[in-house]
Amino acid sequence: HFVMYVKKILEERYGERVVEQGGLKVTTTLDLDLQEKAQQIVSEEIAKVEKLHITNGAALVMDPKTGEILAMVGSKNYDDPNYDGKVNVTLSLRQPGSAIKPVTYVTAFKKGYTPATLLMDVKTSFPGGNKPEYVPENYDGKFHGPLQVRYALGSSINVTAVKMLARVGLSEMLKQAYEMGFSTLEPTKENLSRLGLAVTLGGGEVRLIDMVSAYSAFANSGFKVEPVSILKVTDRQGKVLEENKPLSGRRVLTAEQAYLISNILSDNEARLLTFGSRSALYFPDRQVAVKTGTTNDKRDNWAVGWTPSVIVGVWVGNNDNSPMKEVAS
């Protein structure tokens, strides 16, 4: 999948003929050991859950400082004809579930809300205008009463996320998402009428590669880096056609805003309500920020985790969009 991804970029830059016959020598960003390990883990983990009708997975590993792609696993097995193994799911449009919530909360921090802001997690009905009213439910089917933003985001409570989006405004949240690199969430007239408050629970489709590069800003003090896959290209005469030096990225958040999101999502206490104290998200020897996401119809299951030196995005589900029997995060 990575080879095909790079090849397409080269074809756009140099034309198909040069790529096929030009004898180009291409140095990429891939860390081969990491790539093989990631591919092995995706295949092994999917094998464990296939009986739950979870047939495919994808993973992307990036350096959040440079945007260099260190591993790209587009499916559990490229050559499997049974479920479109050749489709690179890191580039596919899928619904992110709650994995998009950090965008809503960072928009709130820009407007002066803080991790200590109190939100009420109680049954709430949001008027739908010309559509039916919207009554969001939580993952565990319960309500938890008054919650500070730290615990609402850390434990991924749905009702509070919708309330926060209602406060900051859909267009502001989409503007922030688009600025961070979610190209599909541009605040166009069409998106504003189509998406509504459910977008904070994953109602708008995004690409895994966009999520990983957008969230690099949380790991990288507010600077967002573009994905980089090619370090150097030389022609058959040895002439250097391009050489990429690491760029520092574009500031999309203040360092404080990025820090608050990473701090909340790496706080094991903040996720106790939903995940308990010894979940798979907890690393005793280092601080790792993690956000999971599940669509409420169980078609997509995501996790994105980061430290200042690496960011990893993972998706599992089915290419044909059929629902999983249960979520095996």
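Below are the figures for this structure:
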{"item": "Some residue of the range 177-190 being in contact with a helix residue (DSSP H, G or I) (Cβ under 7 Å, 6 or more places away or on another chain), on the phi < 0 side of the Ramachandran plot, surrounded by 18 or more Cβ atoms within 10 Å (Cβ to Cβ) and hydroxyl-bearing (Ser, Thr, Tyr)", "result": "yes"}
{"item": "Selection count, the range 293-322, where residues are part of a loop (DSSP other than H, G, I, E, B), touching a residue at least 40 places away in the same chain (Cβ under 8 Å) and surrounded by 15 or more Cβ atoms within 10 Å (Cβ to Cβ)", "result": "5"}
{"item": "Selected residue (criterion: most open to solvent (accessible area, probe 1.4 Å)) from residues of the range 261-280 that are more than 10 Å from GLY154 (Cβ to Cβ) and in a loop (DSSP other than H, G, I, E, B)", "result": "ARG278"}
{"item": "Conditions (1) open to solvent by 10 Å² or more (accessible area, probe 1.4 Å); (2) in a helix (DSSP H, G or I); (3) in contact with a Gly (Cβ under 9 Å, 6 or more places away or on another chain): number failed by THR90", "result": "(1)"}
{"item": "Test: residue in the range 239-247 that is among the charged types (D, E, K, R), within 19 Å of SER98 (Cα to Cα) and either in contact with a strand residue (DSSP E or B) (Cβ under 7 Å, 6 or more places away or on another chain) or at pLDDT 95 or above (or both)", "result": "no"}
{"item": "Some residue of the range 141-160 being crowded, with 22+ Cβ neighbours inside 10 Å, of a type in the set (Phe, Trp, Tyr) and in a helix (DSSP H, G or I)", "result": "yes"}
{"item": "Cross-chain or 6+ apart pairs with Cβ under 8 Å, the range 160-173 first and within 12 Å of LEU201 (Cβ to Cβ), then open to solvent by 30 Å² or more (accessible area, probe 1.4 Å) and part of a helix (DSSP H, G or I)", "result": "ALA161/LEU201; VAL162/LEU197; VAL162/ALA198; VAL162/LEU201; LEU165/LEU197"}
{"item": "Odd one out for THR114, checked against (1) hydroxyl-bearing (Ser, Thr, Tyr); (2) surrounded by fewer than 20 Cβ atoms within 10 Å (Cβ to Cβ); (3) within 18 Å of GLY293 (Cα to Cα)", "result": "(3)"}
{"item": "Residue satisfying all of: in the range 238-258; in a loop (DSSP other than H, G, I, E, B) and open to solvent by 70 Å² or more (accessible area, probe 1.4 Å); nearest to ALA217 (Cα to Cα) among these", "result": "SER248"}
{"item": "Count of the range 50-72 residues which are under 11 Å from VAL312 (Cα atoms) and among the β-branched types (Val, Ile, Thr)", "result": "2"}
{"item": "Filter result for the condition that a residue is at pLDDT below 95 and out of contact with any Cys (no Cβ under 8 Å at 6 or more places or on another chain), over SER183, SER216, SER221, SER193", "result": "SER193"}
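Yes/no matrix, rows are residues, columns are (1) in contact with a His (Cβ under 9 Å, 6 or more places away or on another chain); (2) not acidic (Asp, Glu):
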{"position": "THR160", "(1), (2)": "yes, yes"}
{"position": "LEU165", "(1), (2)": "no, yes"}
{"position": "GLY169", "(1), (2)": "no, yes"}
{"position": "ALA177", "(1), (2)": "no, yes"}
{"position": "GLU186", "(1), (2)": "no, no"}
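Results for (1) among the β-branched types (Val, Ile, Thr); (2) assigned to a helix (DSSP H, G or I), shown as yes or no for each residue.
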site	(1), (2)
VAL3	yes, yes
GLN35	no, yes
GLN39	no, yes
ILE46	yes, yes
VAL61	yes, no
THR66	yes, no
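The values are calculated or read from the model by the stated rules, or taken from the named source; none is laboratory data. Worth saying up front: this structure is predicted, and the values here are computed from it rather than measured. Using ideal geometry, Cβ is built from the backbone for each residue, glycine included, and neighbour counts are taken over all protein chains shown. All accessible areas refer to the heavy atoms of the entire protein, side chains included, with ligands and DNA or RNA removed. Shrake-Rupley method; radii C 1.70, N 1.55, O 1.52, S 1.80 Å.
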